[in-house]
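> Take a look at the following structure, please.
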Amino acid sequence: MNDASDVAGIPLVTIAMPALNEARHIADAIRSVMPAPDAVACELLVMDGGSSDDTCAIVRALSAQDPRIRLIPNERRIQASGINLAARLAHPDSTYLVRADCHAAYPGNWVPDLIHAIRLREAVSVVVPLRTIGVTPLQRAIAAAQNSRLGNGGSAHRLGGISGYVSHGHHAIFDRREFLRVGGYDESFSHNEDAELDRRLCAAGGRIYLAADLAVSYFPRATLGSLTRQYFLYGRGCARTLEKHASLPRLRQMLPPLVLLYGIAALALATVAPGLLILLALYAGICGLSGLALALRSREPVLVMSGLAAIAMHLSWAAGFLSHRGYRKTLVRTALGRKPRFTSVSRGV
C-alpha cells in the first residue's frame, strides 16, 4: 500500500466495497474503481459477508497482483456493517472513505475526481447520479423503469444533470472523520441506511454535494422476483428512517402506499362498486403507456416491459413501507388528526 506522502498533495483514501456472492461482477467493479498507483495513495477493502461462491478467491487473486487490495470478513454480512468496519480498520492516515458497489461500473479517474470535488466544495460527503443499465432484455426494461421519473419519483441523484448541494444522494465519498463522528451507518438498517445517515450528517451541520458529472453505472436486479424483494426492503427501510427521525413522508413517498391501499379496496369491492376499478385501470394504463413510450423512443421493443417493472417497484415498495408496524400506526394517528408519537433508535459505529 502506498504511503500518504507518495502522491504529493493528495491524502490517503480508503475504498470500501461490501460483497456477498459477487463472483460475477466483483473483478470488473474493482478494476473500474481502482485508481492508478501514481494517481492517488489508496487502499481497497473488500468487506465480504460470507460468500459461498468464488468471490473470495477472485479477490485474493487480485490482491496478489495489487497489494493495495485486501479481503476482510464482514461477520454481520450487511452493507452498513461492512462500510463501518472499513472506516474503523482503514489506514490511520486515511482522510477519505469511498463507498463502492460490486454491481457498478466506474468512470476513469473517478476516485481522484471525487477527492477534488469534496475538497473544492468543503463538503462532508459527495454523492453522484446513478444511471441504471441492463444486459438481459428484462434487465434493460427494469433499468429503463428505474431511470424514468415514473420509476424513481424524481430523485435528484437518479435524474442527474444538475450539480449542487442536496439532502441525499447515491453515496460516493465521505470525510472519514466526519463519518465516524456522527456514528457511521445505523447497523440496524439493512436497507435505506444511506438516506438515514444523510439526515444525521445534515443535522450535524455537514453539507452534501451532488457531483452530476461523476455518474456511476449500476446493474439492477435481473428478475421481477428479485426486484420486488429489493423494493419491499427499500420501502420498509424508508418507513424506519422516517420513524427514527420523527418525520412525515413526502408526497412522492405517500403515493405508492395510497395506490396499493386503493387497489386492495377496489378489488375487494369490485362486485358492489365496479366503478372503483376505473382509477386502478387508469394507473395501470399510465404505467403501460410509459413503457410503450420508452420502447418507441429508444426503438427497443423489450422496454415496453418497463411499465410492468414500474408497477412491481411501486407496489412492493408500498408493501414494505406499510409493513413497518410502528410507522403504520403513526400514519393512522396523523390521518385522524392526532399528534404522531415517534421513537428514536441509533446504532451506528
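The values are calculated or read from the model by the stated rules, or taken from the named source; none is laboratory data. What you are looking at is a predicted structure, and each value in this text was computed from that prediction instead of being measured. Positions of Cβ are generated from backbone atoms using ideal geometry, with glycine treated the same way; all protein chains shown enter the neighbour counts.
> When you look at residue 221, is it among the charged types (D, E, K, R), surrounded by 13 or more Cβ atoms within 10 Å (Cβ to Cβ), outside any helix (DSSP H, G or I) and within 18 Å of the chain's Cα centre (by Cα), yes or no?
yes
> A further question on this structure: Could you grab the pairs with beta carbons closer than 6 Å, sequence gap of 6+ or different chains, first residue in region 196-211 and closer than 17 Å to residue 248 by Cβ and in the same structural domain as residue 106 (by TED's automatic domain parsing), second one in a loop (DSSP other than H, G, I, E, B) and charged (D, E, K, R)?
Filtered contacts from region 196-211: 196/186.
> Does residue 164 fit the bill of being on the phi > 0 side of the Ramachandran plot and in the same structural domain as residue 84 (by TED's automatic domain parsing)?
yes
> Just one of 43, 22 is over 14 Å from residue 72 (Cβ atoms), in contact with a Ser or Thr (Cβ under 7 Å, 6 or more places away or on another chain) and buried (at least 17 other Cβ atoms within 10 Å of the Cβ); which is it?
On inspection, the qualifying residue turns out to be 22.
> Can you tell me which residue within region 279-298, out of those that are within 15 Å of residue 309 (Cβ to Cβ) and of a type in the set (Gly, Ala, Ser), is surrounded by the most Cβ atoms within 10 Å (Cβ to Cβ)? I'd like the intermediate steps shown before the answer.
We begin by selecting, within region 279-298, every residue within 15 Å of residue 309 (Cβ to Cβ); these are 283-284, 286-295, 298.
Pick out the ones that are also of a type in the set (Gly, Ala, Ser) and you get 284, 288, 290-291, 293, 295, 298.
Working: 284: 15, 288: 17, 290: 21, 291: 25, 293: 16, 295: 19, 298: 13.
Looking at the filtered set, the residue picked out is 291.
> Any residue at all in region 125-137 that's on the phi > 0 side of the Ramachandran plot and either touching a helix residue (DSSP H, G or I) at 6+ places or on another chain (Cβ under 9 Å) or of a type in the set (Asp, Glu) (or both)?
The answer is no; no qualifying residue exists.
> Hey, can you tell me all the residues within region 314-329 that are at pLDDT 85 or above and in contact with an Asp or Glu (Cβ under 9 Å, 6 or more places away or on another chain)?
Listed by number, the list holds a single entry, 324.
> Just one of 24, 77 is modelled with pLDDT under 95 and at positive phi; which is it?
Being modelled with pLDDT under 95 and at positive phi holds for just one of 24, 77, which is 77.
> Please enumerate the residues belonging to region 217-232 that are touching a residue at least 12 places away in the same chain (Cβ under 8 Å) and hydroxyl-bearing (Ser, Thr, Tyr).
Answer for region 217-232, where residues must be touching a residue at least 12 places away in the same chain (Cβ under 8 Å) and hydroxyl-bearing (Ser, Thr, Tyr): 217, 218, 223, 228, 231.
> Separate question: Could you list, in sequence order, all residues of region 39-82 that are touching a Lys or Arg at 6+ places or on another chain (Cβ under 8 Å) and in a strand (DSSP E or B)?
Within region 39-82, 42, 43, 44, 45, 46, 71 qualify.
> Another question about this same structure. Residue 198 fails exactly one of the following numbered conditions: (1) in a helix (DSSP H, G or I); (2) farther than 25 Å from residue 24 by Cβ; (3) touching a helix residue (DSSP H, G or I) at 6+ places or on another chain (Cβ under 9 Å). What is the number of that condition?
Here residue 198 clears every test but (3).
> Of the numbered conditions (1) on the phi > 0 side of the Ramachandran plot; (2) modelled with pLDDT of 95 or more; (3) of a type in the set (D, E, K, R), residue 99 fails exactly one; give the number of that condition.
(1)
> I've got another one for you. Would you mind telling me which numbered condition in (1) hydroxyl-bearing (Ser, Thr, Tyr); (2) farther than 19 Å from residue 170 by Cβ; (3) touching a Ser or Thr at 6+ places or on another chain (Cβ under 9 Å) residue 298 fails?
(3)
This table checks each residue for (1) free of Cβ contacts under 8 Å to residues at least 24 places away in the same chain; (2) of a type in the set (Val, Ile, Thr); (3) surrounded by fewer than 17 Cβ atoms within 10 Å (Cβ to Cβ); (4) closer than 30 Å to residue 22 by Cβ.
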{"position": "234", "(1), (2), (3), (4)": "no, no, no, yes"}
{"position": "241", "(1), (2), (3), (4)": "no, yes, no, yes"}
{"position": "245", "(1), (2), (3), (4)": "no, no, yes, no"}
{"position": "260", "(1), (2), (3), (4)": "no, no, no, no"}
{"position": "270", "(1), (2), (3), (4)": "yes, no, yes, no"}
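> Helices (runs of 4 or more DSSP H) wholly in region 104-156 with at least 3 residues that are aliphatic (A, V, I, L, M) and within 30 Å of residue 309 (Cα to Cα) - which ones?
In region 104-156, the matching helices (runs of 4 or more DSSP H) lie at 137-147.
> Considering only region 247-254, I want to know if a residue exists there that is part of a helix (DSSP H, G or I), modelled with pLDDT under 95, crowded, with 17+ Cβ neighbours inside 10 Å and not assigned by TED's automatic domain parsing to the domain that holds residue 198.
Residues of region 247-254 that are part of a helix (DSSP H, G or I), as a first pass: 251-254.
From what is left, the residues that are modelled with pLDDT under 95 are 251-254.
In the following step, the residues that additionally are crowded, with 17+ Cβ neighbours inside 10 Å were identified as 253.
Filter once more, keeping what is not assigned by TED's automatic domain parsing to the domain that holds residue 198: 253.
The answer is yes, given that some residue of region 247-254 is part of a helix (DSSP H, G or I), modelled with pLDDT under 95, crowded, with 17+ Cβ neighbours inside 10 Å and not assigned by TED's automatic domain parsing to the domain that holds residue 198.
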